[in-house]
Amino acid sequence: MDRAVTGAGLKDFATALSDLVLPRHCYVCGSRLTLAERHLCLGCRSDLPYTHFWERTHQPMADKYNAAIRDQVPDGVEEPYGHAAALFYYNSESGYKNIPQALKYRSALGLGREFADQLGARLASSADFADVDCVIPVPLHWRRHWGRGYNQAAVIAQRVAAALGAAFRPKALRRLRYTPSQTKVAMEKKASNVSGVFRMVDRIEARHILLVDDTFTTGATLAACHRALRSACPPSVRISVATLSYVGP
């Protein structure tokens, strides 16, 4: 018998046996998963609210990102339009918000890697992102990284870098001080919460840098990272951003 077939059969048997003890449930709707389903049920997977931002240079996420960048660019300095894309919409009333939340707070690394692969494949198919040669995750402060055990942005960024054939540079940026989570900060204070928090600590040779985070809300965190990178990178180096989710309709 073919070893691959045998291996697949054993894996299915092990999954079925595990489901008897610890049933798996859809991260979105909570329904029990069948043997053929992974992370999401087929219904929720088919209804995933993709943004399709990777197909359009100008769209709400890119406009927000560029507005946040312009707020910190000195007068007389010309900053090229930055590309931005997210895989799916994040809505507080929708169960799809559970995907980035489970990755961030519940150590759902397999779930995060699956959707990071989806994001990477779509970015690789886009003319705006296909030439990315360096991928950098938004860093966590060491205290938060130690408590969580991993950086969710790095989990995403590593898979995206692989899909793009780009260098993965998880230590290029450093978070200098511990700050309240952006989810706990009022919308109007998000920019000041991360102002001056990041510093570039590793030399980078790149033509197109991609900053990666889990969720895009106002763009304040990514704009602060952009500022740290731009302090060492000339305008000829493009700095784009990508996230798993985008807070919007």
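The values are calculated or read from the model by the stated rules, or taken from the named source; none is laboratory data. Computed from a prediction, not measured in an experiment: that's the story for all the values here. Heads up, the Cβs are rebuilt from the backbone with ideal geometry, glycines too, and the neighbour counts pull from every protein chain shown.
Across region 144-154, a minimum of one residue is classified as under 17 Å from THR221 (Cα atoms), in the same structural domain as LEU210 (by TED's automatic domain parsing) and of a type in the set (Gly, Ala, Ser). Evaluate region 98-121: report whether one residue or more is within 15 Å of LEU222 (Cα to Cα), among the β-branched types (Val, Ile, Thr) and either touching a Gly at 6+ places or on another chain (Cβ under 7 Å) or surrounded by 14 or more Cβ atoms within 10 Å (Cβ to Cβ) (or both). For region 98-121, residues within 15 Å of LEU222 (Cα to Cα), among the β-branched types (Val, Ile, Thr) and either touching a Gly at 6+ places or on another chain (Cβ under 7 Å) or surrounded by 14 or more Cβ atoms within 10 Å (Cβ to Cβ) (or both): absent.
Looking at region 53-69, can you tell me whether even one residue there is surrounded by 15 or more Cβ atoms within 10 Å (Cβ to Cβ) and of a type in the set (Asp, Glu)? Checked region 53-69: no residue is surrounded by 15 or more Cβ atoms within 10 Å (Cβ to Cβ) and of a type in the set (Asp, Glu). With respect to the conditions (1) assigned by TED's automatic domain parsing to the domain that holds ASP213; (2) free of Cβ contacts under 8 Å to residues at least 60 places away in the same chain; (3) within 20 Å of ARG159 (Cα to Cα), ILE99 falls short on a single one, namely (2).
Scan region 59-85 for residues that are part of a loop (DSSP other than H, G, I, E, B) and more than 22 Å from ARG230 (Cα to Cα) and the total you get is 1. Looking at PHE115, PHE88, just one residue is assigned to a strand (DSSP E or B), closer than 30 Å to CYS29 by Cβ and of a type outside the set (Asp, Glu), and that residue is PHE88.
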